[in-house]
Amino acid sequence: MMKTQAKVQRFAFSGGVMAWAVLQMSAGVCEAYTITTFNPDDFIPAEMLPTPMQTAALDMAAGIEGLTVEDFENTTVIPELTIEFGGQPPTATLSPDDLIAEPWGIWDGSLELGTNLVLNPFEPLIFRPTVDLDVFAIGISGFQSANELSINGINQGALNDLPNFVPAIGLNSRNLYIRIDREAGDPPITEIAFLPDPLGPNPVGDFVRVDHVAIAETPETPIASIPTLSASGLVTMTVAMVAMGTFLLRRQRLLQ
């Protein structure tokens, strides 16, 4: 199956934030998402554990206040998510060993999820929601190789090519906060994956961490998805109705 993708800049860089539209085309179906990135240094000092006020400032900037958040402060994952990593099936229950207490990579609280991204055998990190999502946001740390982002099974390219990406150097390991939005009328978000570097320079993989996952469910009947007729649509409909009426009138005269 041939897959193509295009990235179109939506609006310019401003205040440590970059957003653009991602158009995905596969098997004749076009899906659109907007990805917005945030520089961690604008919110949390490097090598420091974040304060609640600093995390709240990030939430406000990312527009995720009030969303459901997985903070990885315990081993039970929120009901709306399952997570696949370490070559194991998707799970909603973590091991205490999966939770890492490294202040320089955490985005909220005092713990984060850590795992290796391995190329062979293939061991990605995949978030599989149990509900359809409009929004998925996440803080990433410790990504050093050209690990990649995938949305609904379609590769978006290397994470370190995204705007605002901060390389993990020494104890300064927070890379980026990412918000992904579904465009109105397109399929909901059903899978977010972080893939190992396809060139695999590190045979044992990169040890990466993620934290502060925020999600918004897709409403059952979203108002934005209800079709509305534009003025041009009304004109097209009117012309079509006149043409059909003319055709039926001529047909009736011929039959008389």
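Quick notes on this one:
- Selection within the stretch 70-117 - part of a loop (DSSP other than H, G, I, E, B), among the hydrophobic types (A, V, I, L, M, F, W, C) and closer than 10 Å to Val210 by Cα: Phe72, Ile106, Trp107, Leu111
- In the stretch 47-85, the residues that are aliphatic (A, V, I, L, M) and touching a helix residue (DSSP H, G or I) at 6+ places or on another chain (Cβ under 7 Å): Met48, Leu49
- Candidate set from the stretch 118-151 (those that are in contact with an Asp or Glu (Cβ under 6 Å, 6 or more places away or on another chain), at pLDDT below 95 and not aliphatic (A, V, I, L, M)); member that is farthest from Val213 (Cα to Cα): Ser145
- Here Glu80 fits the description: in contact with a Pro (Cβ under 8 Å, 6 or more places away or on another chain) and under 28 Å from Glu183 (Cα atoms).
- Test: residue in the stretch 201-211 that is assigned to a loop (DSSP other than H, G, I, E, B), among the small types (Gly, Ala, Ser) and either surrounded by fewer than 20 Cβ atoms within 10 Å (Cβ to Cβ) or over 19 Å from the mean Cα position of the chain (by Cα) (or both): yes
- Reported count of residues in the stretch 169-189, each being in contact with a strand residue (DSSP E or B) (Cβ under 6 Å, 6 or more places away or on another chain) and either assigned to a strand (DSSP E or B) or more than 15 Å from Phe127 (Cβ to Cβ) (or both), is 14.
- Selected residue (only one of Ala19, Ala62, Ala32 is within 28 Å of Gly153 (Cα to Cα), modelled with pLDDT of 95 or more and either surrounded by 16 or more Cβ atoms within 10 Å (Cβ to Cβ) or in contact with a Cys (Cβ under 7 Å, 6 or more places away or on another chain) (or both)): Ala62
- Test: Leu113 is surrounded by 19 or more Cβ atoms within 10 Å (Cβ to Cβ) and touching a residue at least 24 places away in the same chain (Cβ under 8 Å): yes
- Of residues in the stretch 167-190 being among the hydrophobic types (A, V, I, L, M, F, W, C) and at pLDDT 95 or above, the one nearest to the chain's Cα centre (by Cα): Ile180
The values are calculated or read from the model by the stated rules, or taken from the named source; none is laboratory data. Every value quoted in this text rests on a predicted model; they were computed, and no experiment measured them. Cβ: placed from backbone, ideal geometry, glycine included. Neighbour counts: every protein chain shown.
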